[in-house]
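Just below is one structure, and these are the notes that go with it.
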Amino acid sequence: MDAFAERLLELRTEIGSIEIAVKVGRPEPDPRGDWTCQYEIGFGETTRRGATHGIDSMQALQLTIATLDVELEVGAKRLKGKLYHLGEPFESMLDGGNLKSKNA
């Protein structure tokens, strides 16, 4: 995967912390005429890879970011921990860029 964006998170658990590396690939056209965007989440020793599809590159990227939020939430719950970014509690890939409405 040709990652063009990356964010490092920390998963804090009762027994310690784990670095979580989140990577997003550049949206690319697929053979069917749609677009795909790959992603990768490294939960310590385990890496989860996936891809989302959209009708254009923007939709594929948007769906990837939404999918990452779900994947991170599920992974944190599975490992019984809480995610942090730059020492602050982490809730969404959109929070850091002020793209998510605070009223939503």
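Can Ile18 be described as at pLDDT below 95, in contact with a Gly (Cβ under 9 Å, 6 or more places away or on another chain) and β-branched (Val, Ile, Thr)? Yes: the conditions hold for Ile18. Only one entry of Ala76, Ala5, Ala66, Ala21 meets the criterion of being touching a residue at least 40 places away in the same chain (Cβ under 8 Å) and under 18 Å from Ser92 (Cβ atoms), and that entry is Ala76. Of the residues that make up the stretch 57-80, is at least one surrounded by fewer than 17 Cβ atoms within 10 Å (Cβ to Cβ), in a strand (DSSP E or B) and modelled with pLDDT of 95 or more? No, that holds for no residue. The set of residues in the stretch 12-36 that are part of a strand (DSSP E or B) and charged (D, E, K, R) comprises Arg12, Glu19, Lys23, Glu28.
Suppose we filter Ile20, Ile55 for residues that are touching a strand residue (DSSP E or B) at 6+ places or on another chain (Cβ under 9 Å), closer than 17 Å to Leu83 by Cα and of a type in the set (A, V, I, L, M, F, W, C); which single one remains? Working first, answer last.
Working: Ile55 fails: closer than 17 Å to Leu83 by Cα.
None of the others qualify; the one that does is Ile20.
The values are calculated or read from the model by the stated rules, or taken from the named source; none is laboratory data. Predicted, not measured: the structure shown is a model, and the values here were computed from it. Quick reminder, even Gly has a Cβ in these numbers, built from the backbone with ideal geometry, and neighbours come from all protein chains shown.
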